[in-house]
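Since the structure comes first, as structure tokens, the remarks are kept for the end.
Rule-based calculations on the coordinates, nothing more; no lab input. Note that the coordinates shown come from a computational prediction; the quantities given were computed from them, not determined experimentally. In this analysis, Cβ positions are derived from the backbone assuming ideal geometry, glycine residues included, and neighbour counts consider all displayed protein chains.
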Amino acid sequence: MLSLSYINKSFNGKKVLNDVSLKVRKGEVVTLIGPSGSGKTTLLRIINGFVLPDGGEVYFDGLKVDFRKKEMLRNIRKKIGKIYQQFNLVERATALENVMMGALGKYDRRIDYLMTSLGFFPKEVKEKALYLLEYVGLADQAYVRTDRLSGGQKQRVAIARALMQDPEVLLADEPISNLDPGTSRKIINLLLKISAEKGITLICVLHHLSYIQEFDRVVALKDGKLYFDGPQSDFSLDMARELYETELEEVYFEV
């Protein structure tokens, strides 16, 4: 459903992505790893249309993405949910209000404006948001202000918000980097559950290598180039050490 061919991107004369090609099937779960500055976030931003590649082609559902066509990009973004490292929630709003904001962009622009400026959401939007909060295990926190929630709870709100638009793809950019190990494991399990139960393609950027064993496929970038793409079982500790150019401990990289 997603195909990237020979993607190149530079910022201020520095090559960030260098001839990266990647194909992801519908419903597949992929972890994207690599050192800081290897191009992981830039690759995600090209997938959801927020960064224009300097060269190469992107196909979504068999259609070539024309980055010059704003309406085409808007329609693609409706199909892609994004989960961020810093949650990107409105702290003073309730969990329910934050989730309902995930519906913005699915309606025509006049309704979007009404919902944004007046805080008015249709009944069906509220019902769906309540269902999703229950689905992610936060039904009892629906009317609690987000700034009173723990980090793990905030990420669950963010996940529910992303699901409001019924995405075909979930892009998770280091979703557990600010969480403790126990909570991190629960968030990873929740994302995998969502992919399995709802048939959503998941591409998850991870820094903690001990969690990559949960994914079927590992894609690794180094210096903007594709370093590895294959089954998790084929990605060894020696590869990880070469990728990060450091001595990783066995406990950090579980196989």
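Quick notes on this one:
- Hits among lysines - C-alpha to C-alpha of Lys70 under 25 Å, sequence gap 8 or more where chains match: Lys9, Lys23, Lys26, Lys40, Lys78, Lys79, Lys82, Lys106
- Taking a sphere under 12 Å around the Cβ of Ser21 and counting the other residues whose Cβ falls inside, with K and R at +1 and D and E at -1, yields a net charge of -1.
- Kyte-Doolittle at least -1.0, axis length at least 24 Å by Cα - qualifying DSSP helices, the chain: 181-198
- Trypsin sites (Lys or Arg not before Pro) lying in DSSP loop within the stretch 48-81, provided at most 14 other Cβ fall within 10 Å: Arg68, Lys69
- Shape descriptor for the chain: Rg over Rh equals 0.97 (Cα atoms; Rh from the Kirkwood inverse mean 1/r).
- Were the residues from Met72 through His207 laid out at 0.36 nm apart, the gain over their Cα-Cα distance would be 45.4 nm.
- Here the stretch 22-171 was treated as a single set of alpha-carbon atoms; its pair distances binned every 5 Å from 0 give 2, 9, 17, 19, 18, 16, 12, 7, 2, 0 percent.
- Dividing the summed -39500 (n - 2.57) terms of all DSSP H runs of n ≥ 4 by the residue count of the chain sets its mean residue ellipticity at 222 nm at -10000 deg cm²/dmol.
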